[in-house]
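The values are calculated or read from the model by the stated rules, or taken from the named source; none is laboratory data. Values in this document were obtained by computation on a predicted structure and should not be read as measured data. Note that each Cβ is placed from the backbone with ideal geometry, even for glycine, and that neighbours are counted across all protein chains shown. Keep in mind that these areas ignore ligands, DNA and RNA; they rest on the heavy atoms of the full protein, side chains included. Shrake-Rupley method; radii C 1.70, N 1.55, O 1.52, S 1.80 Å.
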Amino acid sequence: MKHWETQYETMSLESMREFQSARLRDTVQWVYDRLPFYRRKLDELGVKPADIRSIDDIRRLPFTVKNDLRDNYPFGLCAVPMKDLVRIHASSGTTGKPITGPYTAEDLDQWATCMARSLWAQGVRPDDVAQNAYGMGLFTGGLGFFHGALKIGCCLVPTGSGLTERQIMLMQDFGTTALFCTPTYALTIAEKAEQLGVDLRKLPLRLGSFGAEPWTVEMRKEIEERMGIQAHEAYGLTEMMGPGVGFSCEAYRLHLNEDHCYPEIVDPSTLEPLPLGEKGELVFTALQRRAMPLLRYRTRDITSLRRVECECGRTLVVMDKILGRSDDMLIIGGVNVFPSQVESIIMEFSEMEPLYQIRVNKKGYLDAMKVEAEAKPEMYGRGKEALAELGQRIAARINAVIGITVPVEILPLGAIARSEGKAKRVIDERTA
Ligand code: ADP
Ligand code: ZN
């Protein structure tokens, strides 16, 4: 069996649009009848559910933003009574109230299916031993992968994140073949294993499904090399379901489960939809959910979409790598900069570790940033002058590629905090 759900994963564009149109009609009616929030918004725009006929009519629908979820915390956007919920997740919500993600039994089953599609595409099979090192709990990562693995029927080891030495011990003792975690935690595990003298490349470990934060192709290759695995990608967000929204296939293309989450790319300033291939803000409409089907939810993730004839046989739309969240975008000297662009450049230098952070502070009225990155120990040992010269070479490359002039400081191994979940790349030292 090549795909988990061949019917949906390889649907013709025309049939997919018909399917999406039918689901959109149903969803709009569902929220209109149940959520005063959407009824008011639609009424204000003079749009009735009956006006929505095809998926193209989605442009007539209102957007939903993160603040709408905060303002309606905890259940103002929940379209079913509490008794119909079987699960509630929440996103980290580092500032203020978290975002809630409620599920009916049907929602949970669909989530599991989307995750099974993803893991299957990445090569997870019933005979795999999968170590799930995503945070277990309110965060959707841990349980999302759990549900997908359960559907496939592989043997799951729910370690959760952290206790890295124990992760490595279990990996050896249980013969783990698949690892699920954030890309930065995969790197932390790889580094710890090297310190312990454990060669992960000699273990049965053969694939990873990594996500929940931006990472570059260069980072993928680094992890693949150090772990001796194929490093696949998972994409998702609590507001839509959690992981399972998108997944990379054997060709490393990230397909979106567009029969569940309908994607659009819009210009973040005008909110006008952009054509395929153009970069903008990713927006999703939930087409099959019952508990919290959001209309045109603005993710703040910056990327583009493409229709590709993929060798995996899937027709599901392809999403380019997420450049970052618009919240993480820095404006330095009038140039927009994402941490992932800096990551790509650092990883070009073989003297460097794949570990870096960006300090942002104010220089007069203007933001200024500084890149701090770790050198490999043999490089660091070469002394001050060599390090300063390396810093300058990296700075020159940043200038050539991104067009900004920023200092680069080379740090010794271990200077930057290791991550067990989502890495914090930007340290904001600006005083309000
Ligand atoms: P929080 O907003 O608290 O981090 P989530 O866990 O729901 O909560 O995070 C979802 C976000 O994580 C996405 O909107 C996106 O910014 C990021 N993300 C998830 N997967 C990926 C990925 N594969 N690549 C880049 N970013 C990702
Ligand atoms: Zn593919």
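Things worth noting here:
- For Lys370, the lysines whose Cα falls under 20 Å of its own Cα, not counting residues fewer than eight places away in the same chain, are Lys362, Lys384, Lys424.
- Whole-number percent relative contact order across the chain, with pairs defined as alpha carbons under 8 Å at least 6 apart: 14
- Surface analysis of the chain yields an accessible area of 43 Å² per residue, using protein heavy atoms and a 1.4 Å probe.
- Anchor Lys83: lysines whose Cα lies under 21 Å away (excluding residues fewer than 8 positions away in-chain): none
- Packing, taken as the mean count of other beta carbons within 10 Å per residue, orders the peptides 61-70, 356-365, 284-293, 20-29 from highest to lowest as 284-293, 20-29, 61-70, 356-365.
- Cross-linked pairs Lys41/Lys321; Lys279/Lys363; Lys221/Lys279; Lys97/Lys363; Lys97/Lys422: Cα-Cα separations exceed 28 Å for Lys41/Lys321; Lys279/Lys363; Lys97/Lys363.
- Label-point separation in nm, Arg430 to Ala105, each point 7 Å along Cα→Cβ: 5.0
- Label-zone membership for segment 386-425, site Lys370, 7 angstrom Cα→C-beta point, backbone N under 12 Å: 407-411
- Highest to lowest packing among 246-257, 300-311, scored as the average C-beta count within 10 Å: 246-257, 300-311
- Extension reserve of the Glu250-Ile331 stretch, reckoned as 0.36 nm per residue once the Cα distance is removed: 25.6 nm
- Potential lengthening of the chain between Val308 and Glu165 amounts to 47.3 nm, from the contour at 0.36 nm per residue minus the alpha-carbon distance.
- Partners for Lys2 among lysines (Cα-Cα distance below 19 Å; same-chain residues under 8 apart left out): Lys151
- Accessible area of the chain belonging to carbon and sulfur atoms, whole % at 1.4 Å probe: 51
- Take the Cβ atoms of Leu13 and Lys279, set R0 to 22 Å, and the FRET efficiency comes out at 0.50.
- Distance from segment 241-289 to segment 319-337 (C-alpha centre basis), Å: 18
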